[in-house]
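Reviewing the structure listed below.
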Amino acid sequence: MNLLYANDRRGQYPASWYAATATPLDRFAPLKGAHRADVVVIGGGYTGLSAALHLAQAGRDVVLLEAQRVGFGASGRNGGQLGTGQRQDQITLEKAFGTDRARRLWDLAEDATSLVKNLIAQHEIDCYLKPGIVHTASRMGDFEEEKRYAAHMQKRYSYDKLEVLDRAALQSVCPSPDYVGGLLDMGAAHLHPLRYALGLAAAARDAGVRIFEGSAVHNIEEGTRVKVATDAGHVIADHVVQGCNGYLGGLNRKVAARVMPINNFIAATEPLGSGVKDVLPRDVAVADSRFVVNYFRLSHDGRLLFGGGESYGYKFPQDIAAKVRKPMSIVFPHLRDIRIDYAWGGTLGITIRRLPYLARVSPNILSASGYSGHGVGTATHAGKLMADAITGQSDGFDTLAAIPTLPFPGGAAMRSPLLALAMSWYAIRDRLGV
């Protein structure tokens, strides 16, 4: 079963609140016949669009191939949180890689956050960018870790944008009975992810990128010049960028062994009106400390956009709203019976370490994926790093590519069941509060 089509109609955005509140670009034609380019980019999400844009700005002739529509995948469906740092915190990275390497990873992550903000400003992308993400704790032990982390980041990294919120302070930001404290990061931000993706696509188009939609790649012939084939045409190029993340399928076995697709789900409530004060009196995004993370924020029209619940098979559940309502009702019991106007799912890519997987899979084929829920900044930055590597500046790409990334155990047949078993155990721990 192909994840590109398992849960969605061909050539259509999902029935999400994002799609309902974004203006799609005019449809790009599918690839037909033979083409030549300096670089072929596969995938029209943040990774591919950023790579294509930066390559075109560097003077390269670029073709971008998207199987569905630009911004169709996780880039147009996610929680819209632009977090700071890597997906793993700096203390974890220091223990795993040492202080110098962890510092370099922090600097790259700061570059990623700045890159997104600068692209939005430079290209005047109307995506409701706003500052602030709160990392909330459901247990006192988690809150103590948050406090230690804030002190560590101030002392070791001189990062002064973190504010510790005790229970009372947090209630003024997010009045949920589930949380005992939190950490407000004003260096982080949140945005409308599909509007951002469409803005990148428009910028790439205007920079001269030839974009083809409805053009799923089914074969890549490696060589000094690479042939990338779709059903109705092919492109010969000097370099290839793979930016497919959870939708890679069988295009590259080395990458597929290390990047696991999982599904995540979001619901948009009816407009809350004056009830927003009982959910988020301050317009910041929230991500909690549970292993299966709940994340949420307000929409610009006053809805609660709540993400929660995961699945590890190909198909989405029949009732996505019910799946999301369950964790939402734990965080906000008074919303147990709120009307849900939109509910949708999306497929993302994770790695064992929850760090991105960047790789030179052959001398002239680069790949980036596995953002593990941290893709708004990381994917955008990964695209630029691949563009830089192709144009001769590979330091940033090489730093991330040097992160050891293990394959998932069990092979193609068993890795999904094994992951589901492990994640179910952690979900049980969340419910038990241990």
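From the square roots a ≥ b ≥ c of the eigenvalues of the alpha-carbon gyration tensor of segment 40-152, which class results: rounded (a/c under 1.5), prolate (a/b over b/c), or oblate?
Taking the square roots of the gyration eigenvalues as a ≥ b ≥ c, segment 40-152 is prolate.
Let me check I have the definition right: for segment 91-197, take the eigenvalues of the Cα gyration tensor, multiply each by 5, take square roots. What are those semi-axes in whole Å, largest first? The partial results should precede the final answer.
Details: eigenvalues 131, 97, 22 Å².
Semi-axes from the Cα gyration tensor: 26, 22, 10 Å.
Cα-based Rg (one decimal) and Dmax (whole number) for segment 120-269, in Å?
That works out to 22.1, 62 Å for Rg and Dmax.
Mind checking the full-extension length gain between Ala168 and Ser394? Use 0.36 nm per residue of separation minus the Cα-Cα distance, one decimal, nm.
76.7 nm
At most 12 other Cβ atoms within 10 Å and a DSSP loop assignment: could you name the chymotrypsin sites (Phe, Trp or Tyr not before Pro) in segment 321-394 that fit? Provide the component values of the computation, followed by the final result.
Working: sites: Tyr342, Trp344, Tyr357, Tyr371; in loops: Tyr371.
Those that pass, being in a loop and sparsely packed, number zero.
Counting only trypsin sites (Lys or Arg not before Pro) that are in a DSSP loop and have at most 11 other C-beta atoms within 10 Å, tell me the longest site-free stretch of the chain. Each step should come with its number before you reach the end.
Numbers: sites that count: Arg9, Arg10, Arg27, Arg336, Arg339.
Answer from the scan: 28-335.
Percent of accessible area on the chain owned by carbon and sulfur, 1.4 Å probe? All intermediate terms of the calculation are to be shown ahead of the outcome.
Details: 8840 of 17520 Å².
Whole-percent figure for carbon plus sulfur exposure: 50.
With a point put 7 Å past each Cα toward its Cβ, work out how far Arg9 is from Arg354 in nm, to one decimal.
The answer from the label model is 3.7 nm.
Using only alpha-carbon positions, what ratio does the radius of gyration of segment 210-344 give when scaled by 2.2 N^0.38 Å? Walk me through the numbers before you get to the answer.
On the way: Rg = 20.5 Å, N = 135, 2.2 N^0.38 = 14.2 Å.
Relative to the rule-of-thumb radius for its length, segment 210-344 sits at 1.44.
Anything over 31 Å Cα to Cα? Flag those among Lys95/Lys323; Lys254/Lys315; Lys277/Lys315; Lys161/Lys384; Lys32/Lys254; Lys95/Lys161, in the order listed. Display every interim value, and only then the final one.
Working: Lys95/Lys323 36 Å; Lys254/Lys315 24 Å; Lys277/Lys315 36 Å; Lys161/Lys384 26 Å; Lys32/Lys254 29 Å; Lys95/Lys161 23 Å.
Among Lys95/Lys323; Lys254/Lys315; Lys277/Lys315; Lys161/Lys384; Lys32/Lys254; Lys95/Lys161, the Cα-Cα distance tops 31 Å for Lys95/Lys323; Lys277/Lys315.
Any chance you could run the full-extension gain for Arg336 through Gln122? It's 0.36 nm times the residue separation minus the Cα-Cα distance, nm to one decimal.
72.9 nm
How much FRET efficiency would the formula 1/(1 + (r/R0)^6) give for Arg225 and Arg253, where r is the Cβ-Cβ distance and R0 is 22 Å, rounded to 0.05? Could you put the intermediate results ahead of the total?
Values: r = 22 Å, r/R0 = 0.99.
It comes out at approximately 0.50.
When only C-alpha pairs under 8 Å and at least 6 residues apart count, what is the relative contact order of the chain, in percent?
That works out to 24 percent.
Nearest 5 percent is fine: what portion of the DSSP beta bridges confined to the chain is antiparallel?
The antiparallel proportion sits near 65 percent.
Could you list the square roots of 5 times each eigenvalue of the Cα gyration tensor of the chain, that is, the equivalent ellipsoid semi-axes, sorted largest first and rounded to whole Å? Don't skip to the end; give the middle numbers.
Numbers: eigenvalues 229, 113, 88 Å².
Semi-axes (√(5λ), whole Å): 34, 24, 21.
The values are calculated or read from the model by the stated rules, or taken from the named source; none is laboratory data. Keep in mind it's a predicted model, so treat the numbers as computed, not measured. Quick reminder, even Gly has a Cβ in these numbers, built from the backbone with ideal geometry, and neighbours come from all protein chains shown. Side chains are part of the model used for accessible areas, which takes the heavy atoms of the whole protein and leaves out ligands, DNA and RNA. Shrake-Rupley method; radii C 1.70, N 1.55, O 1.52, S 1.80 Å.
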